[in-house]
Amino acid sequence: MSLSIAIIGTGPSALYAADGILKKAPEARIDLIDRLPTPYGLVRFGVAPDHLGTKNVTRQFDKTFEKENVRLFGNLTVGHDITIEELKSRYDAVLLATGAQQDKTLGIEGEDLEGIYGSAAFVGWYNGHPDRFAKNPIAEHTRQAVVIGNGNVSIDISRLLIKEESELAESDICAHARKAILEAGIQNVYLAGRRGPLEASFTPPELRELGKLEKAVPVIENADIPDALPDSIDTSIPSGRVTAKNMEIMRSFADLEADKAERKIHLLFHASPVAFLGDRHVTAVRFEKTAIDDEGRAVGTGEFFEIPADLVVTAIGYRSRPIEGIPFDEKRGNFPNNDGHIEDNLYVVGWGKRGPSGTIPTNRADSFQVANKLLDDLAGQDSEKGGPDAFDSLIRDKGLSPTSFSDWKTIERAEEQNATAPAPREKFTSIQDMLALLN
Ligand SMILES: Cc1cc2nc3c(=O)[nH]c(=O)nc-3n(C[C@H](O)[C@H](O)[C@H](O)COP(=O)(O)OP(=O)(O)OC[C@H]3O[C@@H](n4cnc5c(N)ncnc54)[C@H](O)[C@@H]3O)c2cc1C
């Protein structure tokens, strides 16, 4: 009997792992399990709604789902509906690909004031994640927002908060978020980072986009963009070249006519948040100015300043959600592993393995490596476990009704039909509504 493998999660790391396994073991029987009826993980719920091209990777993922020996079980939560032991005892190997979806916190004064959100919650809101669709996080009076963090997620959020209606028309942003953002008409977004422009982890295409908005203009606030790169930046390596490009783009922002702009994105460097101010709702963020020490760390200078804000989004990283029965590193917020191996026949890939770093393509090489390791470990072994048949019996015995890939395609078609052109889809935000469609 061919190998049986359960993969928990259906984000990029899961699909690349399935692909990697099938390249070397085309007969392997693979079941992918997701807690949501919709596959693709952060490609659906993280990637910015105005970056539709990035989402085309799902077409490639669909080719894997369409294989005869691959099945999707949606609306099943491992650790709740089924245990990790139940999977380990039925499959030759189990691969954890559950990502990192919980916001890290800053641990500073005032963090529980209203109007402050972690980026997972906020991005999940505009992207229609069923867990996150609660009340509108943008209060009506919101004029000024602070986004904390100097990476691409911060850029995505800042850009979306300040876009015009015409600039959102072709996106798949959820209707509730589009309405709230356009009604608020935010004038100023401060994009704040602890370190300087040389250390920011933006990538050039995302940074460049800020200079191409219809009405909003990027303004570099409290940092000089050096005319020449310091010697410490080595442009013979990719990261050095990214920094050089970023500097060039930031220099070009000076040519934009910021004084005349109705709306601005202020790039605020060397700013470490130390407290959120306000009685019930946030009204301002207090920052300490920083300087970069010899080891490239941002250190406080003892000089403080405040930026008024009605809305704050922190984009400072994510933690994985622990799952009962799997060892968890509380400090790092992920699943401890040895090159992807956790213990026994249990493996991990993606953000659950490495922590929240890397883009969609980064997961490809990483998942392929773990897939190869898993196959090496199982080499020469005959499949000893019940595999998919035993899993089907378990599902039946437990009275569970997971959704299939063809169910997802039904949901997808309905989302496309519900869209107002030129938007490609209007996402369902409630699992109940999705299941009602399938009955
Ligand atoms: C806001 C944001 C924007 C991004 N934009 C881009 C971009 O534009 N371009 C780019 O290349 N990269 C982007 N990335 C990075 C990219 O999304 C990640 O590299 C990638 O999604 C990580 O894949 P993963 O499979 O590890 O996790 P995820 O994509 O998070 O997938 C995890 C899956 O596991 C499921 N799951 C979780 N727990 C359970 C459980 N207990 N039982 C069953 N299923 C479970 C989840 O529902 C989910 O489907 C972005 C990331 C974020 C946060």
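A few comments on the model shown:
- Under 5 Å between amide hydrogens, built in the peptide plane, is the criterion, and for residue 266 it picks out 189, 190, 191, 219 among residues at least 5 positions away or on other chains.
- Distance in nm between pseudo-label sites at residue 324 and residue 1 (7 Å out along the Cβ direction from Cα): 2.7 nm
- Rounded to the nearest 20, the size of the Cβ-charge dipole of the range 118-231 about its Cα centre is 400 debye, with Lys and Arg at +1 and Asp and Glu at -1.
- Along the range 180-194 the Karplus relation, 6.51 cos²θ - 1.76 cosθ + 1.60 evaluated at θ = phi - 60°, assigns HN-Hα couplings of 5, 5, 5, 5, 5, x, 4, 8, 9, 10, 9, 9, 10, x, 6 Hz to successive residues, with x for each Gly and Pro.
- Inter-centroid distance (Cα atoms) of the range 92-122 relative to the range 232-246, Å: 30 Å
- Projected area, mean over directions - the range 73-159, Cα convex hull, nm²: 8.5 nm²
- In plain terms, if you count all Cα to Cα distances in the chain and split them into 10 Å steps from zero, the share in each step is 4, 20, 28, 25, 16, 6, 1, 0 percent.
- Global geometry of the range 140-208, whether rounded, prolate or oblate, following the gyration tensor of its Cα atoms and the 1.5 cut on a/c: oblate
- Taking 0.36 nm per residue of sequence separation and removing the Cα-Cα distance, the residue 68/residue 83 pair yields an extension gain of 2.8 nm.
- Amide H partners (placed H, <5 Å) of residue 317, local residues excluded: 104
- Cα-based shape type of the range 1-103, given that a ≥ b ≥ c are square roots of the gyration tensor eigenvalues and the cut on a/c is 1.5: oblate
- Structure remark: mean-square fluctuation, Gaussian network model of the chain, C-alpha springs under 10 Å; the largest value among 348, 43, 147 belongs to 43.
- Fraction in percent of alpha-carbon pairs per bin - 5 Å, the range 58-119: 3, 11, 14, 17, 13, 12, 10, 8, 7, 4, 0
- Fewest neighbouring Cβ atoms within 10 Å first, the residues 31, 377, 81 line up as 377, 81, 31.
- Dipole size of the range 105-314 about its Cα centre, with +1 on Lys/Arg Cβ and -1 on Asp/Glu Cβ: approximately 380 debye, rounded to the nearest 20.
- Prolate/oblate/rounded label for the range 343-439 (Cα gyration tensor, a/c 1.5): oblate
- Residue among 23, 398, 212 with the largest mean-square fluctuation in a Gaussian network model of the chain, springs linking Cα atoms under 10 Å: 398
- Along the axis of the charge dipole computed for the range 105-314 (Cβ charges of +1 for Lys and Arg, -1 for Asp and Glu, origin at the Cα centre), the listed residues 313, 228, 274 are led at the positive end by 313.
- With 27 Å as the limit, the listed pairs 67/104; 179/264; 104/409; 63/331; 67/373; 104/373 have 67/104; 104/409; 63/331; 104/373 beyond it between alpha carbons.
- Restricting the range 327-429 to GluC sites (Glu not before Pro) in coil, as DSSP defines it, with at most 13 other Cβ within 10 Å: 330, 384
- Hz values of 3J(HN,Hα) by residue in the range 164-175 - Karplus curve (6.51, -1.76, 1.60), Gly and Pro given as x: 7, 4, 5, 7, 9, 4, 8, 7, 10, 4, 5, 4
- Whole-number percent relative contact order across the range 105-314, with pairs defined as alpha carbons under 8 Å at least 6 apart: 30 percent
- Under the combined filter of DSSP loop state and at most 11 neighbouring Cβ atoms within 10 Å, the range 84-183 retains these GluC sites (Glu not before Pro): 140.
- Among 71, 29, 280: highest mean-square fluctuation, GNM of the chain, C-alpha pairs under 10 Å: 280
- Quotient of C-alpha Rg and 2.2 N^0.38 Å, computed over the range 105-314: 1.01
- Net length gained if the chain between residue 203 and residue 259 were fully extended (0.36 nm per residue, minus Cα distance): 17.5 nm
- In a simple Cβ point-charge model (Lys, Arg +1; Asp, Glu -1; nothing else charged), the chain has a dipole of about 520 debye relative to its Cα centre.
- Mean Cα-pair separation over length for the chain, i.e. relative contact order, pairs under 8 Å, 6 or more apart, %: 24 percent
- Built amide H within the under 5 Å cut-off of residue 403, gap 5+: 74, 75
- Residue-span extension gain [residue 274 to residue 248] - 0.36 nm each, minus C-alpha spacing: 6.3 nm
Read-outs throughout are calculated quantities, based only on the coordinates presented, and are distinct from any laboratory measurement. Everything numeric here is computed off the predicted structure, so don't read it as measured data. So basically every Cβ, Gly included, is an ideal-geometry build from the backbone, and we count neighbours across all protein chains shown.
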